[in-house]
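A.B. asks: Just dropping this structure here.
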Amino acid sequence: LLVVAICFAGMTGINLAFGVTGAKFDWVDPRKMQSGSAGCLGSLISTAYLPISTAFLVGPAVLASAFGFPAFAGQIAGLLLGGGLCVACVVLPLNMVKEKVARLNET
């Protein structure tokens, strides 16, 4: 459950960053509220992110048990590696667009 929550947190950070990038408030036609390229690219990147983050979270535990190390050590290593990746995917994209959030309604 923790792995799923951490993975979805990172994916949410990525999708929010692309949503902010593609937001338009000067639309006249409701079909033009979002720029299509930002939404499409965000979907592709978040879809690619999900198996990578899962591999970083679960992989060390599987490798630790395959090589005879304690399972607890593999779980801790997975939490550190995968958790670090997921936290980075929450924090970095949102920091990249935080100046744009303040100016979203400006034209």
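A.B. asks: Considering Leu81, Leu85, Leu57, which residue is touching a residue at least 12 places away in the same chain (Cβ under 8 Å), touching a Pro at 6+ places or on another chain (Cβ under 9 Å) and within 14 Å of Gly10 (Cβ to Cβ)?
C.D. replies: Every option except Leu81 fails the conditions.
Table: residues versus (1) more than 30 Å from Ala102 (Cβ to Cβ); (2) modelled with pLDDT under 90.
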residue: Ile6; (1), (2): no, no
residue: Cys40; (1), (2): no, yes
residue: Ile52; (1), (2): yes, no
residue: Ala55; (1), (2): yes, no
residue: Pro70; (1), (2): yes, no
residue: Ile76; (1), (2): yes, no
residue: Ala88; (1), (2): no, no
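A.B. asks: Do you know which residues across the stretch 1-48 are of a type in the set (Val, Ile, Thr) and not in a helix (DSSP H, G or I)?
C.D. replies: Val28
A.B. asks: Output the residue which, of all residues in the stretch 25-36 that are modelled with pLDDT of 70 or more and among the charged types (D, E, K, R), is nearest to the chain's Cα centre (by Cα).
C.D. replies: Arg31
A.B. asks: Sticking with this structure for a sec: Restricting attention to the stretch 49-107, and to residues there that are part of a helix (DSSP H, G or I) and charged (D, E, K, R), which single residue is surrounded by the fewest Cβ atoms within 10 Å (Cβ to Cβ)?
C.D. replies: In this case the residue turns out to be Glu99.
A.B. asks: Moving to a separate point now. For residues that are crowded, with 16+ Cβ neighbours inside 10 Å and in contact with a Ser or Thr (Cβ under 7 Å, 6 or more places away or on another chain), tally how many sit in the stretch 4-27.
C.D. replies: Result for the stretch 4-27: 6.
The values are calculated or read from the model by the stated rules, or taken from the named source; none is laboratory data. Every value quoted in this text rests on a predicted model; they were computed, and no experiment measured them. Using ideal geometry, Cβ is built from the backbone for each residue, glycine included, and neighbour counts are taken over all protein chains shown.
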